[in-house]
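Notes for the one structure printed next.
The values are calculated or read from the model by the stated rules, or taken from the named source; none is laboratory data. Note that the coordinates shown come from a computational prediction; the quantities given were computed from them, not determined experimentally. Virtual Cβ from ideal backbone geometry, glycine too; neighbours counted across all protein chains shown. Note: areas computed on protein heavy atoms with side chains; ligands, DNA, RNA excluded. Shrake-Rupley method; radii C 1.70, N 1.55, O 1.52, S 1.80 Å.
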Amino acid sequence: MTPDQASAPVTFRESASVEGRAVPCAAPAVLPAPAVPPAPAASPVLARVPPPRPRTAPVGRVRFVVLGDSLSEGVGDRVDGAWRGWAPLLADGLAAEGQDTALLNLAVSGALSGDVADRQAPRALAFRPHLASVVVGVNDTLRRTFDIGGLARHLGRVCADLDAAGAVLLTACLPDPGRMLGLPPPLARPLARRQRAVNAVVHALSARYGAVHLHLADDSWTEDRTLWSADRLHPGERGHRAVAGGFHRLLAERGLAHGAPPARDPAQPPPSRAEAVFWLATAGTGWLLRRSRDLLPQLLLLAGAELRHWADGTGTAPLDARADDALADALAATMGR
């Protein structure tokens with residue numbers, strides 16, 4: 001289903017909607033989650049940010065909209081032949097007894113920050129959500145057109161519009177794909193540098209709008225392979241349950257989640273080694289070829305720059321400084337709006 005196709009909300013005591021597909025909801029149990037990390041203290045722009053407006057839990061039906069890419073679409077957590085993911089698992093525990101939750105999941109695999117701003121956000125605003133998840137950015141880092149300034153503008157516009165409409169924002173920072181794929185350092189470092197910049201923008205916007213922020217770039221998340229699917233880029237069922245449980249705990253602490261949190265343990269076994277090999281030979285090969293055409297030539301150039309700086313004794317300092325300057329410009333432009 002494309003972002004331009006219709007998707008109707010559903011009542012969550014019966015089922016969960018993932019891009020228009022109905023799937024069963026999960027049983028409840030308790031799952032702890034990391035606390036909200038502080039915003040980067042070094043940015044002088046953040047000192048001028050006013051405190052976020054307080055939000056209260058809605059009365060009656062809770063409207064929850066999900067914007068983003070494959071992570072929020074549910075890739076890696078297949079139920080009855082369709083992707084489910086963390087959003088339906090979370091939605092089933094939002095409303096108090098006697099109420100219900102309507103979910104509109106607009107997330108689409110491969111979405112960039114610009115797709116979220118231009119195609120998903122207008123539909124999200126029309127939904128008049130109480131809660132709005134905005135988790136995107138990894139795909140931006142995997143494009144030769146990566147521009148931290150453009151990403152900051154896109155996310156800044158989306159967050160500002162949803163906040164002005166009265167929605168509580170849900171955000172997350174994510175691990176860099178080079179680390180997750182186990183790329184060699186010259187190839188991994190440029191992607192890590194990009195993902196750090198994306199996470200810094202997300203932290204700044206989360207602080208500005210008082211978002212419910214989940215920190216998913218910690219070692220405890222990235223090194224636990226039981227959380228990940230065969231492709232090593234998307235959570236498996238256990239990982240999606242961890243995301244849902246983390247958001248539920250943070251929302252409950254604010255008085256914004258009144259149902260039971262999702263079960264921690266998966267109902268399906270983790271992917272086997274054979275399944276991982278099958279993914280690489282089928283869908284994984286196609287993914288690698290697409291990224292090779294789009295990113296690999298530039299990534300090889302970036303890796304060459306890494307190696308040249310190491311050879312002349314400067315290390316990564318000049319490349320890090322250039323990235324920091326671009327990030328500072330992006331934050332100043334976005335947070336000063």
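Below are the figures for this structure:
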{"item": "Mean Cβ count within 10 Å, highest first, over the residues of peptides 126-139, 148-161, 178-191", "result": "126-139, 148-161, 178-191"}
{"item": "Selection from A160, A132, A188, by position along the positive dipole direction of the range 129-198 (Cβ)", "result": "A188"}
{"item": "Mean accessible surface per residue for the range 78-138, computed with a 1.4 Å probe while every protein chain stays in place, in Å²", "result": "31 Å²"}
{"item": "Percent carbon-and-sulfur accessible area, the range 131-269, ignoring ligands, DNA and RNA, probe 1.4 Å", "result": "50 percent"}
{"item": "Solvent-accessible heavy-atom area per residue, rounded to whole Å², over the range 163-224 at 1.4 Å", "result": "30 Å²"}
{"item": "T145-A274 FRET efficiency (beta carbon distance; Förster radius 35 Å; 0.05 resolution)", "result": "0.45"}
